[in-house]
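Step one of this worksheet: look at the structure below.
The values are calculated or read from the model by the stated rules, or taken from the named source; none is laboratory data. What you see is a predicted model, and the numbers here were worked out from it, not measured in a lab. Cβ coordinates were reconstructed from backbone atoms using ideal geometry, including for glycine residues, and neighbour counts include every protein chain displayed.
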Amino acid sequence: MPNANPYHSGSLFGPGPRRPLDREQRARFRFLLTAHRRARRLTPHAELIGNALVKRLSVDGQCDPGHDTIAADVGCCARTVRRALDALRGLGLLVWQRRIVREGWRTAQTSNAYLLVPAGDKAANLPVYRSKASGGQSGRQTRQIEIHLPRPSPAEVAAAQAALAQRRAAIEARLLGKGSGRGDRVEP
């Protein structure tokens, strides 16, 4: 008997989670892909698929290509993409959120929203997305997403405060004319 719901229960409406990566994090992710392939924990196609995900990652962290799109980018079949994504998730390099969209009065599964994990972060360090049902004015149920981000350690807070104090002192010295001598203007 076919499943009455064509989507999984953990699916979300909307764009899904996003995690932008800077240039160094992208390079770290690519390095980890290569290291895992050399250690034979990933196949060469899995490395190519990981690199295709990095290419598809936008500046704001959106990465949601379909399996067929990734397969066309790499030159393999969609089944190889699924196996590679499972291997990347097993190594802790990738997590994803299933997404659904409205098509008229129905809901349909759409592409997943992928989060690349460049530094070997555990899934506990990633944002947690939970949906809550709430009744609207029209009686329809809407979904809200809660995001729980990890809290910085006291050492990280102290280091950030020290860096801010140092920056403030440098700016004050520059404004008061007590600069370091590099590029300071001297008034006649």
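Some values worked out for this structure:
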quantity	calculated
Odd one out for Asp73, checked against (1) under 23 Å from Gln109 (Cβ atoms); (2) in contact (Cβ under 8 Å) with a residue 12 or more places away in the chain; (3) in contact with a Cys (Cβ under 9 Å, 6 or more places away or on another chain)	(3)
Filter result for Ala113 (free of Cβ contacts under 8 Å to residues at least 12 places away in the same chain and farther than 16 Å from Phe29 by Cβ)	no
For Val59: the one exception among (1) closer than 19 Å to Arg28 by Cβ; (2) surrounded by 14 or more Cβ atoms within 10 Å (Cβ to Cβ); (3) of a type outside the set (S, T, N, Q)	(2)
Output for the range 76-110, where each listed residue is in contact (Cβ under 8 Å) with a residue 60 or more places away in the chain and not hydrophobic (A, V, I, L, M, F, W, C)	Gln97, Arg98, Arg99, Arg102, Thr107, Gln109
Residues (touching a Gly at 6+ places or on another chain (Cβ under 8 Å) and surrounded by fewer than 16 Cβ atoms within 10 Å (Cβ to Cβ)) located in the range 31-56	none
Hits in the range 54-63 - residues which are under 15 Å from Leu94 (Cα atoms) and touching a Lys or Arg at 6+ places or on another chain (Cβ under 7 Å)	Val54, Gly61, Gln62, Cys63
Selection from the range 147-188 of residues that are closer than 30 Å to Pro15 by Cβ, modelled with pLDDT under 80 and surrounded by 10 or more Cβ atoms within 10 Å (Cβ to Cβ)	His148, Pro150, Pro152
Answer from Ala78, Ala71, Ala84 - the residue that is out of contact with any Phe, Trp or Tyr (no Cβ under 8 Å at 6 or more places or on another chain), buried (at least 19 other Cβ atoms within 10 Å of the Cβ), of a type outside the set (Ser, Thr, Tyr) and over 17 Å from Leu33 (Cβ atoms)	Ala71
